[in-house]
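In what follows, a structure is listed as structure tokens, so that the remarks can point back to it.
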Amino acid sequence: MLGKLRRLNQDASKIALEESERLPSEERRRFLRSGLFTAGGAMVGGALAGIAPKALASTQFPPEIPPWTRTLGPGVVTDPYGVPSPFEKDVIRRNVPWLTADKVSSISFTPLQHLKGIITPNGLFFERHHAGRPEIDPQQHRLMIHGLVDRPIILSMEDLQRFPSVSQINFIECPANGGMEWRGAQLNSLQFLHGMVSCAEWTGVRLSTLLQEVGIKPEGKWLLAEGADGAAMTRSIPLEKALDDVIVAYAQNGEALRREQGYPIRLVVPGWEGNTHVKWLRRLEVGDKPWMQREETSKYTDLMPDGTAHGFTWVMEAKSVITSPCPEMPLKSKGVCQIEGLAWSGRGKVKAVDVSVDGGQNWQQAQLREPVMSKSLTRFSLEWKWDGNPALLQSRVIDETGYVQPTLAQLKQARGTNSIYHKNAIQTWKVNGDGSVVNVQLS
Amino acid sequence: MFSFHKTPRLLASTCCGVILASVPILGAAEQTGYYGYGEPATDEQIAAWDIDVRPDGMGLPEGSGSVDEGMAVFETHCASCHGAFGEGMGRYPKLAGGDGSLTEDRPEKTVGSYWPYASTLWDYIHRAMPFFAPQSLTDDQVYAVTAYVLNLNYIVEADFVANKETLPQVEMPNHDGFIWEDPRPVVNNERCMENCKEEVTVSESAAGKNLTPSTTGPLDEGITE
């Protein structure tokens, strides 16, 4: 009985070994780890080392019957909280090490080249921290609302969730997105050039509900939002905006906010620069004047060529970018291909997107994919027959206010090259004859 | 001027009619709000968390600090990153210098050349510095090191003592350098569809610049400059 079992196990190991030869290394390891073949595990592991190259070359296409069709996979709750397939391991947030002094005050970029639709998965939402990501116990976290109000209050996270909730899909973009490129083309990557924008469904309480609850005194004109992180990040926000569409969010795409996104609560200030969406929110103060904090004076102000600077430039103006093809996603072959991209506007809905394949000489209107929502990412596409010749691809968004996305030359003409923030210019991708794609700028 | 999509209203503009209708109009005398959730914030609780300081001095606490005292604080707690004279070590921010550089090709935005308000310096150091030990300095130390950073920028004399009366009176060199109203949209592109330009010239390319970290495989720590 026992002997038979062992033999069976050894046979199974042999099959496992054979099948694993045909799998890419990552899946092979997972397959062998799956527990069906534990008896021969050590032997199999040892024998694998020499056969890796062959394994990578093989396929499971018809007429082969793949091993995953002839075995059973791991059961439910193997991953009680699901994670992406190991084959998706390249799809991660990435940083540019030379950009900042330290990772705790730094940025990571969303891999837009891999994303579909308009929602950014929670684990891939871009990060911008000023003092790292705090680890906050929601039971110990409080939101204080005070200042020029009738009834200053302190709310627990449970209190907050008792208020009527709303859900809305909004993008968040750091105003420094693309800010490395004012003086010339530096980075050859969609992820690093445009990955400081992400989009999620946010659920929380309208700020207007909370401010109504505390009662704003007539002198109240401004709101200060402050984070509980080591930077105690602050921004002044005019009450008109606060009462319009701002929410105190506790959920992102259906689950609690990720720590990187402000767990347990953050502000969502639709259409406004990312820095105003204060994370790890701990305090809201109503006042009669702005506070002129470091993040709205030293930073997040736009230096003009004449030496003056523009402050309180909160709105993210309309922008679009082609996400396929792009430097990370070259064209595979001549013939029909789908040009795809993302467009958004901090002033409302995307009205139209045009695409050019000749560097802006001629344009064709692209198709907008539903849903098209205010202050949300919108996906567009255009079918194109590539003849194999070099081409210059661009997209240009028009938002519901009629604003037309500017060229880089126009933007530089108006703003010079030292404003860092709010570079919403048309992106040009050069498609080479071999299908590769390069970030270029036109004069 | 920025234009808002909805006219400001104190009552939630998006609140459904049913709830609006049932919300009693609360006077200032009411002790609790409509929902009544949470706890009233006491003066003591508010005082402990309310750390913001405004240009008019609102929020500045008691206490004081001199330039001399500030030098000692700076050398112990700040110079390792910002340099003994605020010149900035490595990629850490410069805190002094850059006067008159805002119109230059490579402007240097520092406390002296760029910051419009001295209050912001007190506020920011107090809330966020030293970088690895935020909110660890006493109010007197913050006053002192604020005075020192201002002195490094030749904004105050060596005998300056910072306190809640003197600090709001400090005039920053670039105070008038800001326009606090968004002028945008400043660029009006046209939606031309055909024959929009005579020629197209590629002036810049990222190809071969070797500044882009890898976008496949594990995180790329390789390209550091």
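Here's the yes/no breakdown for (1) within 14 Å of chain B (Cβ to nearest Cβ); (2) more than 23 Å from B:SER214 (Cβ to Cβ):
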site: A:GLY82; (1), (2): no, yes
site: A:GLU88; (1), (2): yes, no
site: A:LEU112; (1), (2): yes, no
site: A:ILE119; (1), (2): no, yes
site: A:GLY123; (1), (2): no, no
site: A:ARG128; (1), (2): no, no
site: A:ILE169; (1), (2): no, yes
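Of all residues in region B:33-57 being under 20 Å from B:ASP140 (Cβ atoms) and more than 8 Å from every other protein chain (Cβ to nearest Cβ), which is nearest to the chain's Cα centre (by Cα)? Reasoning before the result, please.
Within region B:33-57, the subset under 20 Å from B:ASP140 (Cβ atoms) is B:47-48, B:50-53, B:57.
From the residues that got through so far, the ones that are more than 8 Å from every other protein chain (Cβ to nearest Cβ) too are B:47-48, B:57.
On the way: B:ALA47: 22, B:ALA48: 21, B:GLY57: 16 Å.
Step by step, filter region B:33-57, then rank; the result is B:GLY57.
Name every residue in region B:198-225 that is in a loop (DSSP other than H, G, I, E, B), modelled with pLDDT of 90 or more and aliphatic (A, V, I, L, M), in order of residue number.
Matches in region B:198-225: B:VAL200, B:ALA206, B:ALA207, B:LEU211, B:LEU219.
Answer yes if at least one residue in region A:234-249 is farther than 25 Å from A:VAL197 by Cβ and not polar (S, T, N, Q), and no otherwise. Show your work before the answer.
Initially, region A:234-249 is screened for residues farther than 25 Å from A:VAL197 by Cβ, giving A:239, A:243.
Remaining after also requiring not polar (S, T, N, Q): A:239, A:243.
Yes, because at least one residue in region A:234-249 is farther than 25 Å from A:VAL197 by Cβ and not polar (S, T, N, Q).
Against the condition modelled with pLDDT of 95 or more, of a type in the set (D, E, K, R) and surrounded by fewer than 23 Cβ atoms within 10 Å (Cβ to Cβ), how does A:ARG266 come out, does it pass? Step through it out loud before you land on a result.
Working: modelled with pLDDT of 95 or more: yes; of a type in the set (D, E, K, R): yes; surrounded by fewer than 23 Cβ atoms within 10 Å (Cβ to Cβ): no.
No: the conditions fail for A:ARG266.
State which residue is farthest from B:ALA158 (Cα to Cα) when the search covers only region B:81-106 and only residues that are away from chain A (no Cβ under 12 Å) and of a type in the set (Gly, Ala, Ser). Reasoning before the result, please.
Narrowing region B:81-106 to residues away from chain A (no Cβ under 12 Å): B:83-87, B:96-97.
Retained after the next criterion (residues that are of a type in the set (Gly, Ala, Ser)): B:83-84, B:86, B:96-97.
Values: B:GLY83: 19, B:ALA84: 16, B:GLY86: 16, B:ALA96: 15, B:GLY97: 17 Å.
Filtering first and then ranking leaves B:GLY83.
Can you name the residue in region A:390-404 that is more than 10 Å from chain B (Cβ to nearest Cβ) and among the hydrophobic types (A, V, I, L, M, F, W, C) and is also surrounded by the most Cβ atoms within 10 Å (Cβ to Cβ) among such residues?
Step by step, filter region A:390-404, then rank; the result is A:VAL397.
Going by the structure shown, is A:GLU296 within 16 Å of A:GLY178 (Cβ to Cβ) and touching a residue at least 24 places away in the same chain (Cβ under 8 Å)? Show your work before the answer.
Working: within 16 Å of A:GLY178 (Cβ to Cβ): no; touching a residue at least 24 places away in the same chain (Cβ under 8 Å): yes.
Taking the combined requirement at face value, the residue does not satisfy it.
Looking only at residues that are more than 10 Å from chain B (Cβ to nearest Cβ) and small (Gly, Ala, Ser) in region A:410-437, which one is nearest to A:MET304 (Cα to Cα)?
Among residues in region A:410-437 that are more than 10 Å from chain B (Cβ to nearest Cβ) and small (Gly, Ala, Ser), the one nearest to A:MET304 (Cα to Cα) is A:SER419.
Would you be able to say whether some residue in region A:230-243 is assigned to a strand (DSSP E or B) and of a type in the set (Gly, Ala, Ser)?
Here is the first cut: in region A:230-243, the residues assigned to a strand (DSSP E or B) are A:234-238.
Then drop every residue that is not of a type in the set (Gly, Ala, Ser), which leaves A:236.
For region A:230-243, residues assigned to a strand (DSSP E or B) and of a type in the set (Gly, Ala, Ser): present.
Which one of these does A:LYS103 not meet: (1) modelled with pLDDT of 95 or more; (2) closer than 23 Å to A:ARG259 by Cα?
Against the list (1) modelled with pLDDT of 95 or more; (2) closer than 23 Å to A:ARG259 by Cα, A:LYS103 comes up short only on (1).
Please determine whether any residue of region B:150-162 is surrounded by 20 or more Cβ atoms within 10 Å (Cβ to Cβ) and facing another protein chain (nearest Cβ under 7 Å). Please lay out each step first, then the result.
From region B:150-162, those surrounded by 20 or more Cβ atoms within 10 Å (Cβ to Cβ) are B:150-153, B:155-156, B:160, B:162; that's our starting set.
Those left that are additionally facing another protein chain (nearest Cβ under 7 Å): none.
Checking region B:150-162: not a single residue is surrounded by 20 or more Cβ atoms within 10 Å (Cβ to Cβ) and facing another protein chain (nearest Cβ under 7 Å).
Is there a residue being crowded, with 23+ Cβ neighbours inside 10 Å and facing another protein chain (nearest Cβ under 8 Å) anywhere in region A:331-345?
Here is the first cut: in region A:331-345, the ones crowded, with 23+ Cβ neighbours inside 10 Å are A:341-345.
Checking which are facing another protein chain (nearest Cβ under 8 Å) leaves us with none.
So far as region A:331-345 goes, no, none of its residues is crowded, with 23+ Cβ neighbours inside 10 Å and facing another protein chain (nearest Cβ under 8 Å).
Scan region A:95-109 and report the pairs whose first residue is within 9 Å of chain B (Cβ to nearest Cβ) and whose second residue is of a type in the set (Ser, Thr, Tyr) and in a strand (DSSP E or B), with Cβ atoms within less than 6 Å and a gap of 6+ or a chain change.
A:ASN95/A:SER108; A:THR100/A:SER106
Just to be sure I understand, how many residues within region A:180-206 are within 12 Å of chain B (Cβ to nearest Cβ) and either of a type in the set (Lys, Arg) or not in a strand (DSSP E or B) (or both)? It would help to see each step written out before you state the result.
First, pick out the residues of region A:180-206 that are within 12 Å of chain B (Cβ to nearest Cβ): A:180-193, A:195, A:205-206.
Applying the additional criterion that residues be either of a type in the set (Lys, Arg) or not in a strand (DSSP E or B) (or both) yields A:180-193, A:195, A:206.
Looking only at that region, the number is 16.
On the given criteria, is A:VAL248 under 23 Å from A:TRP314 (Cα atoms), assigned by TED's automatic domain parsing to the domain that holds A:PHE125 and either surrounded by fewer than 22 Cβ atoms within 10 Å (Cβ to Cβ) or at pLDDT 95 or above (or both)? Talk me through it step by step, then tell me what you get.
On the way: under 23 Å from A:TRP314 (Cα atoms): yes; assigned by TED's automatic domain parsing to the domain that holds A:PHE125: yes; either surrounded by fewer than 22 Cβ atoms within 10 Å (Cβ to Cβ) or at pLDDT 95 or above (or both): yes.
In short, yes.
Just to be sure I understand, how many residues within region B:197-213 are over 28 Å from A:THR313 (Cβ atoms) and facing chain A (nearest Cβ under 7 Å)?
Our first condition is that a residue be over 28 Å from A:THR313 (Cβ atoms); within region B:197-213, this holds for B:197-202, B:205, B:207-210, B:212-213.
If we keep only those that are facing chain A (nearest Cβ under 7 Å) as well, we get B:197, B:200-202, B:205, B:207, B:209, B:212-213.
Total meeting the criteria: 9.
Starting from region A:367-378, keep only residues that are within 23 Å of A:SER356 (Cα to Cα) and aliphatic (A, V, I, L, M), then list their pairs with residues that are at pLDDT 95 or above and part of a loop (DSSP other than H, G, I, E, B) whose Cβ atoms are within a distance under 6 Å, requiring at least 6 positions of separation or different chains.
Correct list of pairs: A:VAL372/A:LYS349; A:LEU377/A:ILE118.
Checking B:GLN141 against (1) buried (at least 22 other Cβ atoms within 10 Å of the Cβ); (2) assigned to a helix (DSSP H, G or I), only one condition comes out false. Which one?
Every listed condition holds for B:GLN141 apart from (1).
With respect to A:THR234, determine if the residue is out of contact with any helix residue (DSSP H, G or I) (no Cβ under 9 Å at 6 or more places or on another chain) and either among the hydroxyl-bearing types (Ser, Thr, Tyr) or farther than 28 Å from B:ILE46 by Cα (or both).
On the way: out of contact with any helix residue (DSSP H, G or I) (no Cβ under 9 Å at 6 or more places or on another chain): no; either among the hydroxyl-bearing types (Ser, Thr, Tyr) or farther than 28 Å from B:ILE46 by Cα (or both): yes.
Against the criterion (out of contact with any helix residue (DSSP H, G or I) (no Cβ under 9 Å at 6 or more places or on another chain) and either among the hydroxyl-bearing types (Ser, Thr, Tyr) or farther than 28 Å from B:ILE46 by Cα (or both)), A:THR234 does not qualify.
Take B:ARG184 and decide whether it is charged (D, E, K, R) and without any contact (Cβ under 8 Å) to a residue 60 or more places away in the chain.
Criteria met by B:ARG184.
Could you name every one of the strands (runs of 3 or more DSSP E) located completely within region A:75-179 that has at least 2 residues being among the β-branched types (Val, Ile, Thr)?
Numbers: elements: A:106-108, A:127-129, A:142-147, A:153-156, A:166-173.
Answer list for region A:75-179: A:153-156, A:166-173.
The values are calculated or read from the model by the stated rules, or taken from the named source; none is laboratory data. Because the structure is a prediction, the values reported are computed rather than measured. Positions of Cβ are generated from backbone atoms using ideal geometry, with glycine treated the same way; all protein chains shown enter the neighbour counts.
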